[in-house]
Amino acid sequence: MIIKHSQRHIPLKRYGQNFLVNKNTIQDIVKIINPNIKQILVEIGPGLGALTKSMCQFLEKLIVIEVDPNLLLLLKKRSFYSKLIVFCQDALRFNFIDLFHKKNQLIRIFGNLPYNISTSLIILLFKQIQVIQDMNFMLQKEVAERLISIPGNKSYGRLSIISQYYCNIKILLNVIPEDFRPIPKVHSVFINLTPHTNSPYFVHDINILSYITKNAFQNRRKILRHSLKNFFSKKELLQLEINPNLRAENISIFQYCQLSNYLYKKLNTTLKTN
Ligand code: SAM
């Protein structure tokens, strides 16, 4: 079942405007999110309200963040508009920590994300992870594959490590291009990211983990002994039971955490002795 939008709006490519039009897919997504009236839900990019309308059936209030003021003018005409708390702004500049303090409750975030900002947005949300209950996003299939990828895979990289460090990630639905208007060139998937309650990983300083992975993956072909030579000697890698001749894509998240904590201790010792 395809929704025909009566509103006239020329979709803007720069805002990644591919609107969901398949009612069954929308229903599946709402079932996956499973909204509850007591929860604080935030939708990123409500667009013409495809998901918003269905979600509002289960909620008294829904916070929406939309960058395109023309879409908000169209949303204003819809019956569910009175349930919306609207922020007309770039989601990349939204402060979820402030919202948490106002509501005193963890936040659930969802959306059919504009593909051009999806990765930066997810990374930004990780920095505010302590106030997030979960995230449910429509993403380009390739981006989702990078998020869940494991060592040895071509798509395994910094994004996989940082994402899995913070969250348990599940792909829950495959969505075909024909479910959107305009029809995108890529396939999509709907995923859930839930912050770990008992994390299998620990680092003293996430910035060090980020820095090490940046260097390791800068040139995927290089072996670790070369790509990480500024931080670890061959002897130190061996001491950590990491084969210095392996490439970045062969090291597990746990091993990256080990490297990160080793470097953290080393830097702290150097600082203390100087
Ligand atoms: N939720 C609608 C749907 O499923 O049909 C629209 C999804 S469309 C893929 C992405 C939406 O995000 C558009 O409404 C677009 O204007 C909005 N958007 C794009 N960049 C944004 C940003 N930086 N901050 C907030 N919203 C943004």
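Below is a table of values for the structure above.
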| item | result |
| --- | --- |
| Leu51 closer than 15 Å to Ile85 by Cβ and hydrophobic (A, V, I, L, M, F, W, C) | no |
| Condition met for Pro151 (in contact (Cβ under 8 Å) with a residue 24 or more places away in the chain and either near the ligand (Cβ under 9 Å from one of its atoms) or aliphatic (A, V, I, L, M) (or both)) | no |
| Answer residue from segment 23-38, given it is surrounded by fewer than 19 Cβ atoms within 10 Å (Cβ to Cβ) and polar (S, T, N, Q) and is nearest to Asn112 (Cα to Cα) among those | Gln27 |
| Residues that are touching a strand residue (DSSP E or B) at 6+ places or on another chain (Cβ under 9 Å) and aromatic (Phe, Trp, Tyr), drawn from segment 1-43 | Phe19 |
| Number of positions in segment 57-72 that are more than 10 Å from the ligand (Cβ to nearest atom) and either among the polar types (S, T, N, Q) or within 13 Å of Gly47 (Cβ to Cβ) (or both) | 1 |
| Filtered residues of segment 107-156 (kept if part of a strand (DSSP E or B), surrounded by 19 or more Cβ atoms within 10 Å (Cβ to Cβ) and over 11 Å from the mean Cα position of the chain (by Cα)) | Ile107, Arg108, Asn112, Ile132, Gln140 |
| Close pairs from segment 105-122: first assigned by TED's automatic domain parsing to the domain that holds Leu159 and within 19 Å of Phe19 (Cβ to Cβ), partner within 7 Å of the ligand (Cβ to nearest atom) and part of a loop (DSSP other than H, G, I, E, B), Cβ under 6 Å, at least 6 apart | Gly111/Gly45; Pro114/Gly16; Pro114/Gly45; Tyr115/Gly16; Asn116/Gly16 |
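The values are calculated or read from the model by the stated rules, or taken from the named source; none is laboratory data. Remember, it's a predicted structure, so these values are computed and weren't measured experimentally. Here the Cβ is made from the backbone with ideal geometry for all residues, glycine too, and neighbour counts use every protein chain on show.
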